[in-house]
């Protein structure tokens, strides 16, 4: 299904400026650090141990893929945007991480991998962009290709950050789809998953929620 982010992030100019626009400032660096810390905390509370293969969807410019590979995981970075993938490839060319990260262009609603292919699929910075039906399709696929656990980032509709950004997002014409915990649990159940840990970037303030779920 087509949605706004699906098209926007395929733009090569957007891909080239993605990191600079989001993670070069002090606030951006703090956001990056906090998100990586939450993802690794969620991983530590799953049953995962090295060696293991992780799906990073969407991998974007490989921010998370690089962090995972440096920890010793083998990573498949998948994104719908060839332009984003190109940025990721440029970061690992000529480095030892070439042996740990494989990039693919693909659609999260229809993954090409067999059932239970990955030790752990992770989705960071995606679900806020997805209409509910698309989000459910992607979650179903993450569950299908997982051996046990799934980590997914949602965005809480009742956070201070969401309330502050709501009007700006409405005026931008760039749709955003925040949720509450009830909706998260309903979507996880539909995908055959159960929420076992919830990590808030900053409770009640930040909209970012990292969910660790397990197949039922």
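Determine, yes or no, whether residue 92 is within 15 Å of the chain's Cα centre (by Cα), farther than 26 Å from residue 186 by Cα and surrounded by 19 or more Cβ atoms within 10 Å (Cβ to Cβ). Walk me through it before giving the result.
On the way: within 15 Å of the chain's Cα centre (by Cα): no; farther than 26 Å from residue 186 by Cα: yes; surrounded by 19 or more Cβ atoms within 10 Å (Cβ to Cβ): yes.
Answer is no for this residue.
State yes or no: is residue 206 within 20 Å of residue 28 (Cβ to Cβ) and either in contact with a strand residue (DSSP E or B) (Cβ under 9 Å, 6 or more places away or on another chain) or modelled with pLDDT under 95 (or both)? It is true that residue 206 is within 20 Å of residue 28 (Cβ to Cβ) and either in contact with a strand residue (DSSP E or B) (Cβ under 9 Å, 6 or more places away or on another chain) or modelled with pLDDT under 95 (or both). Restricting attention to segment 46-71, the residues being touching a residue at least 24 places away in the same chain (Cβ under 8 Å), part of a loop (DSSP other than H, G, I, E, B) and farther than 23 Å from residue 138 by Cα number 1. Taken over segment 170-182, the residue count meeting the criterion of being farther than 16 Å from residue 125 by Cα and either modelled with pLDDT under 95 or in contact with a helix residue (DSSP H, G or I) (Cβ under 8 Å, 6 or more places away or on another chain) (or both) is 4.
The values are calculated or read from the model by the stated rules, or taken from the named source; none is laboratory data. If you're wondering where the values come from, they're calculated on a predicted model, not measured in any experiment. Reconstructed Cβ throughout: ideal geometry from the backbone, glycine too, with neighbour counts over all protein chains shown.
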